[in-house]
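First the structure, in the form of structure tokens, and then the observations on it.
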Amino acid sequence: MAPGFLYLRSCEDNDIEAQFTPSRGPAKSERHLVQVHFPTDDARHFSAERLSTEGAFASFLAQPADGNTDDSLLTPTAFTELLALDAAVRALNASGLSFTDLCARGSPDGNCNGPNPLLGAVQGDPRRIEALQPHLTFPLFQGRVPLNFFLGGVTLGPGVEPSRPVAYFTSLSRQEEFEKNAKGVIPLFSIAYTLTISFSIISCSRLDCVRTKVWVAALGVLSAGLSVLSSFGLLLFCGVPFVVTAANAPFLILGVGIDDMFIMVSCWQHTKVKDSVKNRMADTYAEAAVSITITTLTDVLAFYIGIATSFPSVQSFCIYTGTAFVFCYLYNLTFLGAVLALNGRREEGNRHWLTFQKVKHDPLDSQGHLYNICCVGGSFDELIGAETEHPMNDFFGKYYGPFLVHSWVKTVVVILYVIYLGSSIYGCTQIKEGIDLRNLASDHSYVIQYYDWEEEYFSEYGPRVMVVVTENIAYWDPGVRADIENCMVTLENSSYVDGKLSESWLRIYQQMAININDQSFFIGNLSVLFTVNPASKWDVNYSNTVILASRFFIQTVNVTTSVDEKNLLNELRTLVEDCKIPLRVYHPAFIYFDQYLVITQNTIQNVLIATGAMLLISLLLIPNPLCSLWVTFAVASVIIGVTGFMTYWNVNLDSVSMINLVICIGFSVDFSAHISYAFVSSEEPKGNEKAVDALYHLGYPVLQGAVSTVLGVVVLSMATTYIFRTFFKIMFLVILFGAAHGLIFIPVFLTFFGFCGSASKRQYHTNNPPFATDGAHILDGKIRNLAPVSI
């Protein structure tokens with residue numbers, strides 16, 4: 001399936017609007033309405049505020065040298081440089097096309113549209129700016145020309161004459177910079193692969209040259225890589241759109257794939273060494289397969305449920321990652337299982353892991369310690385018949401587990417959990433919504449400087465919003481005109497609108513000494529209005545008898561944060577819905593603002609559905625309903641924690657972070673389900689002993705999985721783009737809190753409910769015989785005295 005990558009270029013779909021805005025957002029239908037009723041003709045009549053899209057443009061921002069806000073640009077020296085910049089742009093020529101061949105024209109004489117009214121006002125002589133200064137008014141120049149989009153950081157005072165640094169931005173910049181993001185993480189994947197292989201080999205290695213699992217560890221990482229090749233190749237063959245967000249998936253699969261490998265290796269090590277490879281494999285699968293199946297099913301369901309979201313970027317990530325999990329599961333049970341079986345045959349023949357030559361069982365004193373490490377192996381614990389315990393298993397069973405179940409330690413754990421939960425809930429109430437479009441470019445992109453200056457100097461004035469009358473109404477009726485005026489006044493009274501900068505063709509028409517109370521006169525005299533105010537011609541869509549649609553403009557102010565953008569959109573739409581006249585509000589930026597309407601709803605919906613599916617799977621596969629509820633509790637707790645701490649780490653709730661919150665579900669299950677399943681399956685009679693038993697057997701594999709997953713994504717912290725850094729931040733929080741629940745909170749909480757045990761009296765690990773020959777119970781490497789039992 002790997003040749004499917006040949007179709008990668010044709011399947012790439014990184015259009016920012018298509019991928020990071022709701023597919024059914026109201027603003028898209030509003031834009032269609034504007035495009036139908038008010039088509040533009042930029043080649044002959046260009047008006048930026050009347051565009052239904054962002055348009056095709058290049059923009060330059062010039063500021064005083066070194067950002068000195070005491071300096072002024074309204075000086076002859078500054079205008080000499082600005083006029084030179086304007087001339088340089090107009091002199092551009094590419095592939096035989098000049099600037100004048102492509103420019104938008106908005107003036108009656110057919111000349112290219114001027115970039116700045118003041119540059120046109122000086123008429124090529126920079127010294128004229130001094131004469132103009134006493135007559136400048138802001139934000140309107142000459143009572144009609146808006147300067148708020150052309151001058152920023154306006155203050156009163158004398159100016160000096162520094163040189164002018166310039167930042168630039170075009171309508172293609174954001175898209176081009178965004179498409180570069182995926183290329184920047186390709187080198188990081190090789191680093192992550194190297195780190196993960198190294199950790200896997202080290203954590204699975206033993207000093208015993210026969211029992212060490214070097215090949216299993218290395219090929220386990222390869223298995224995860226193969227699952228990415230197969231799943232991505234298959235989906236690319238099928239033509240599934242590939243978005244840059246899906247480039248995060250290989251890092252995630254790398255960590256999760258070897259997590260399952262650690263579980264299988266741990267279960268193998270607890271089987272009886274003297275058994276045949278066939279029986280050892282049977283025992284390994286009997287214990288590992290259920291746990292792996294639980295986590296895989298929940299992960300896959302979580303991602304496939306995420307496909308139902310309104311954001312195509314999230315859909316792409318979820319389908320690619322969910323499919324990769326399916327292949328990862330299949331390869332772990334087949335490819336990795338075969339590797340484990342072959343490695344078992346090598347161990348059965350007592351052969352060296354590297355040379356595959358038979359070695360001696362017993363160390364020789366005469367050959368030295370180094371020789372024994374390299375050339376002697378195959379030892380095992382004669383008492384229990386299994387491989388010698390890994391020191392970390394011993395640590396969890398003898399030290400960490402017993403320490404955790406002390407009464408005072410449990411009290412501390414409960415207090416820590418209350419602090420964690422309280423901090424998380426508070427963080428959830430403070431979280432910000434929406435993706436900042438500047439975050440779609442890399443940190444070193446030239447557009448960042450432009451965004452910074454735009455925010456610093458031009459954030460006072462927001463979008464210039466169209467107010468569209470969507471239906472045929474009787475404008476000649478004074479009552480109807482009064483209703484329109486009332487709606488406009490209501491909009492202008494909003495805290496986000498500056499009423500002095502509104503534009504209404506109807507107000508101008510009413511001020512003209514013409515009878516407009518009759519339908520024929522109203523329609524017939526529109527040509528007079530268009531002579532007085534030519535721009536109005538593009539705001540009235542009419543025929544000989546009716547006006548099909550018309551539009552007005554309001555100027556928004558103080559829209560500086562994502563909260564302001566959300567409130568502005570909601571307030572304006574609410575106000576026009578309450579009007580007697582059928583109105584819609586629209587601006588191209590509303591396409592992106594629409595994310596605020598659905599991001600929280602989509603996130604909660606996906607999380608709840610996936611959590612419900614996870615609970616169902618847990619009820620089916622974990623042999624105790626109460627413990628399944630504990631797993632669900634862990635999932636909810638981790639999601640609340642991650643969402644809350646996103647606030648403290650300056651991560652917004654957007655389509656990128658929503659992906660990671662879906663991931664929370666799968667990883668929360670991974671950690672808590674392993675421990676809960678081991679707790680339930682334990683034959684120990686008391687809760688504290690069950691907790692110690694569960695930590696002894698699966699504490700180290702869970703820790704291995706946590707560390708390996710962090711290593712798989714930690715390289716993304718070095719990425720220069722927001723998307724990949726955000727993925728690392730949230731994944732780090734998921735792993736940190738998930739591991740804390742699996743290794744600290746859940747074991748303690750389970751001990752509070754002694755009835756959360758296995759209904760069936762079976763053993764969790766087949767290598768531990770229930771009774772030794774002398775009637776002592778062997779568990780966790782300890783001999784425990786029990787009453788004699790007749791067999």
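The values are calculated or read from the model by the stated rules, or taken from the named source; none is laboratory data. A quick note: this is a predicted structure, and the numbers were derived from the prediction, not measured. No Cβ is skipped: glycine too gets one built from the backbone with ideal geometry, and neighbour counts run over all protein chains shown.
Within the group Gly462, Gly385, Gly479, which residue is surrounded by fewer than 18 Cβ atoms within 10 Å (Cβ to Cβ) and in contact with a strand residue (DSSP E or B) (Cβ under 6 Å, 6 or more places away or on another chain)? None of the other options fit; the residue is Gly385. The single condition from (1) assigned to a helix (DSSP H, G or I); (2) on the phi > 0 side of the Ramachandran plot that Ala218 fails is (2). Among the residues of region 382-405, the ones that are in a loop (DSSP other than H, G, I, E, B) and either within 40 Å of the chain's Cα centre (by Cα) or in contact (Cβ under 8 Å) with a residue 60 or more places away in the chain (or both) come to 8 in all. Within region 652-669, being among the polar types (S, T, N, Q) and at pLDDT 75 or above holds for Asn652, Ser657.
The numbered conditions (1) surrounded by fewer than 24 Cβ atoms within 10 Å (Cβ to Cβ); (2) in contact with a strand residue (DSSP E or B) (Cβ under 9 Å, 6 or more places away or on another chain) are all true for Val244 except (1). Suppose we filter region 445-469 for residues that are within 21 Å of Ser47 (Cα to Cα) and β-branched (Val, Ile, Thr); how many remain? The qualifying residues number 4.
Among the residues of region 470-507, those that are under 17 Å from Phe522 (Cα atoms) and of a type in the set (A, V, I, L, M) comprise Ile473, Ala474, Val480, Ala482, Ile484, Leu506.
Per-residue answers, yes or no, for (1) of a type outside the set (A, V, I, L, M, F, W, C); (2) in a strand (DSSP E or B); (3) at pLDDT 90 or above:
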residue	(1), (2), (3)
Thr560	yes, no, no
Glu571	yes, no, yes
Val576	no, no, yes
Val585	no, yes, yes
Gln601	yes, no, no
Leu615	no, no, no
Ser628	yes, no, no
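Listed by position, the helices (runs of 4 or more DSSP H) contained in region 2-102 that have at least 3 residues being assigned by TED's automatic domain parsing to the domain that holds Ser504, without any contact (Cβ under 8 Å) to a residue 40 or more places away in the chain and surrounded by 13 or more Cβ atoms within 10 Å (Cβ to Cβ) form an empty set. Sort out which residues of region 530-558 are assigned to a loop (DSSP other than H, G, I, E, B) and surrounded by 15 or more Cβ atoms within 10 Å (Cβ to Cβ), and write them in order of number. Across region 530-558, the qualifying residues are Asn533, Asn558.
Checking each residue in region 322-355 for being of a type outside the set (A, V, I, L, M, F, W, C) and free of Cβ contacts under 8 Å to residues at least 40 places away in the same chain picks out Gly322, Thr334, Gly349, Thr355.
Scanning region 301-314 for residues that are in a helix (DSSP H, G or I) and without any contact (Cβ under 8 Å) to a residue 40 or more places away in the chain returns a single hit, Tyr304.
Among the numbered conditions (1) more than 21 Å from the chain's Cα centre (by Cα); (2) buried (at least 20 other Cβ atoms within 10 Å of the Cβ); (3) outside any helix (DSSP H, G or I), the only one that Ile435 does not meet is (1). Looking at region 422-437, can you tell me whether even one residue there is closer than 30 Å to Glu54 by Cβ, of a type in the set (Ser, Thr, Tyr) and out of contact with any Phe, Trp or Tyr (no Cβ under 9 Å at 6 or more places or on another chain)? Checking region 422-437: not a single residue is closer than 30 Å to Glu54 by Cβ, of a type in the set (Ser, Thr, Tyr) and out of contact with any Phe, Trp or Tyr (no Cβ under 9 Å at 6 or more places or on another chain).
I'm told Leu136 meets every condition in (1) closer than 24 Å to Lys537 by Cβ; (2) over 43 Å from the mean Cα position of the chain (by Cα); (3) surrounded by 11 or more Cβ atoms within 10 Å (Cβ to Cβ) except one. Can you identify the failing condition by its number? Only one criterion is unmet by Leu136, namely (1).
Answer yes or no as to whether Cys238 is over 21 Å from the mean Cα position of the chain (by Cα) and either basic (Lys, Arg) or more than 20 Å from Pro701 (Cα to Cα) (or both). Yes.
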